[in-house]
1. Would you please put 78-90, 38-50 in order of how densely packed they are, using the mean number of other Cβ atoms within 10 angstrom per residue and starting with the highest?
2. Round to the nearest 0.05 the FRET efficiency obtained for residue 98 and residue 138 when R0 = 35 Å and r is the Cβ-Cβ distance.
3. Give the distance, in whole Å, between the Cα centre of the range 30-44 and the Cα centre of the range 83-112.
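Please treat every number below as a calculation from the coordinates, not as lab data. What you see is a predicted model; the values in this text were computed from it and never measured. Counting neighbours? That spans all protein chains shown, and the Cβs are built from the backbone with ideal geometry, glycine included.
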Ligand SMILES: [Zn+2]
């Protein structure tokens, strides 16, 4: 029986970063798929409806945008993946595969370490002025941005490094279709977007979803 495969690698307890967190119960190797982000699958319209009456400063919703049609609501039938906190120097990343969302280790994680991934929440023109306060980050990393949001977009001035990355991206496109990184969790109707190195198509969809999801008064 393949019981070892489903062995729980993590446990939930209070976090220094924020509220409840998820911690490695044992050493987790790089590349390990730690857990799946589970919850009710709903439409964007339904997600908007569910959370439109939430207080503007309440960032405790658990919506994860899978694509431009589906959202996973971890608040309903969800699992512990919704407790994985954001970090600006994360040890995991979110990954979309076959319209399912997984949290995967991007480096070796020691037992007891808190699991985290970068929410990379996109900014939107309709954001509240105190949006960075609402989504303040206390991850404590040396490179902490102070916010779960991505930095404001600069003009399209790509470094040569970014260019070569972009090249690699297009090369990896076919692969990205099957296994696309770049997910999106909506917290207070904000979309978390995962790594944007791969899956340009997904990112586009995510962006669209973000805009729509943040349309809130
Ligand atoms: Zn941070």
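1. Working: 78-90: 20.3, 38-50: 16.2.
Output ranking for 78-90, 38-50: 78-90, 38-50.
2. Working: r = 34 Å, r/R0 = 0.97.
Calculated value: 0.55.
3. 10
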